[in-house]
Amino acid sequence: MIWFISDEHYGHRNIIRYTGRPFNLVQEMDRAILGHCLKQFQQDDLVWHLGDFAFPAGRYRKPDGCSVAFWARTQMARLIARMPGTHCIVRGSHDRGAEALRSCGFAVAVEEAVVNLDGRRILLRHTPLYDPLPAGVHGVFHGHIHQGFREDLVAAGERPDVPKWNVNLCVEQMAYGPISYKAALGRLAAQMKGT
């Protein structure tokens with residue numbers, strides 16, 4: 001199975017307040033998101049994270065003498081190691097460089113990717129695509145826009161007129177868990193029909 005998930009923000013205490021996530025503690029949020037993933041992912045699955053995977057440096061007190069960068073990579077590697085499947089990431093606003101992400105356990109770390117899902121070519125990226133779709137591409141799976149409400153987009157300095165070929169797969173839109181590629185394609189089909 002192929003899965004998608006975006007903007008988990010593991011270890012990011014302030015994301016709870018910024019986006020109104022229904023958790024009191026970052027540990028509670030992390031357990032909930034990870035729990036949903038562990039219920040779904042199997043060893044032979046492919047998982048695409050569409051950016052902003054973790055913000056772990058501030059989650060727990062780092063050991064003395066340990067650099068923040070090393071501590072963050074260690075925490076991210078522990079999260080990836082706990083989840084079955086092969087994990088790929090499209091870099092988001094808060095993600096480190098591709099080499100650092102691969103050192104944490106991601107098989108692939110890219111800025112964008114095009115995947116073929118049941119005969120549909122889908123562009124994977126962190127942010128929505130406002131430009132026309134590239135030739136031969138049927139839609140875009142993205143994250144970045146947590147709630148997706150028009151007023152939130154304006155307040156964040158984002159364009160509120162997100163074209164319908166963009167499917168927002170932020171965890172806030174997915175009940176704090178992953179979505180299968182078939183369900184994501186279903187969302188794209190419904191948006192393209194305008195329903």
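The values are calculated or read from the model by the stated rules, or taken from the named source; none is laboratory data. The model shown is predicted, which means the values in this text are computed figures rather than measured ones. FYI the Cβ positions are ideal-geometry reconstructions off the backbone, even for glycines, and counts take in every protein chain you see.
Things to note:
Let's see how each residue does on (1) under 15 Å from the mean Cα position of the chain (by Cα); (2) without any contact (Cβ under 8 Å) to a residue 60 or more places away in the chain:
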site	(1), (2)
F4	yes, no
D7	yes, no
P22	no, yes
D30	yes, yes
C37	yes, no
F53	yes, yes
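- When the stretch 161-182 is limited to residues that are more than 22 Å from Q27 (Cα to Cα) and surrounded by fewer than 15 Cβ atoms within 10 Å (Cβ to Cβ), the one that is farthest from the chain's Cα centre (by Cα) turns out to be D161.
- Among residues of the stretch 111-126, those that are out of contact with any strand residue (DSSP E or B) (no Cβ under 6 Å at 6 or more places or on another chain) and either surrounded by fewer than 14 Cβ atoms within 10 Å (Cβ to Cβ) or without any contact (Cβ under 8 Å) to a residue 24 or more places away in the chain (or both), counted: 5
This table checks each residue for (1) in contact with a His (Cβ under 9 Å, 6 or more places away or on another chain); (2) of a type in the set (D, E); (3) outside any loop (DSSP other than H, G, I, E, B); (4) at pLDDT below 95.
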site	(1), (2), (3), (4)
P128	yes, no, no, yes
I145	no, no, no, yes
G148	no, no, no, yes
D152	yes, yes, yes, yes
K182	no, no, yes, no
G186	no, no, yes, no
T195	no, no, no, yes
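- Within the stretch 85-109, being within 14 Å of the chain's Cα centre (by Cα) and among the hydroxyl-bearing types (S, T, Y) holds for one residue alone: S93.
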